[in-house]
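What follows is one structure encoded as structure tokens, with my remarks underneath.
Nothing in this text is a laboratory measurement; each read-out follows from the coordinates by a stated rule. Since this is a predicted model, take the numbers as computed values, not measurements. Here Cβ is always computed from backbone atoms with ideal geometry, including for glycine, and neighbour counts include all displayed protein chains.
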Amino acid sequence: MANARTRYDTICEYLVRHHEASLGQLYGKPCALIKGHAFMVFCFDGMAFRLKGRVRLQASALPGARYWDPLGRDVPSMDWVHVPEVHFLRWDRFAIESAKLSKEGFGPRDLYRPKVEESSPPADPAERSIRRLVPSFSLSKLWSLVPLVGK
């Protein structure tokens, strides 16, 4: 549908200007990205948004909406909701909410990770060795060597 694709392009232009989004491809489908992660994908029969919370429930309650998987597997992802082109007038609200959530981060993989400080390499070649001699004795290894007696 030409109107749906035009609506998608308009939404993408707005997101690029105001929400620091970029355009790209996700498995051959046009998408919008923030921080390198897709949050909105245009499909031939609608658009998929990565949502959570109340907005995800509102999107999934629309007639024809379903949970969607970017890889096309049989098990849909609960983060992605596919909204059919019949509801293309509501796409802008879902796109803005998805962009906001994408900036905040969706899950544990997007949490803050502290930077590991690099230490200067030791001068002694033995200290630079990857393999170090460490005692590896443990009782669990010892008990694994004891044969089990069957009755």
> Taking the Cβ of Asp79 as the center, what net charge do the other residues with Cβ under 9 Å away carry, scoring Lys and Arg +1 and Asp and Glu -1?
Replying inline: +3
> Over the range 2-106, what is the mean sequence separation of C-alpha contacts under 8 Å (at least six apart), divided by residue count, expressed as relative contact order in percent?
Replying inline: 25
> Label points 7 Å out from Cα along the Cβ direction at Val75 and Arg17: separation in nm?
Replying inline: 4.2
> For Tyr67 and Arg90, what is the calculated FRET efficiency with R₀ set at 22 Å and r taken between the beta-carbons, to the nearest 0.05?
Replying inline: 0.80
> For the range 2-106, how big is the tail of P(r) above 18 Å, as a whole percent of Cα pairs?
Replying inline: 40
> How do Ser60, Ser102 line up, fewest other C-beta atoms within 10 Å first?
Replying inline: Ser60, Ser102
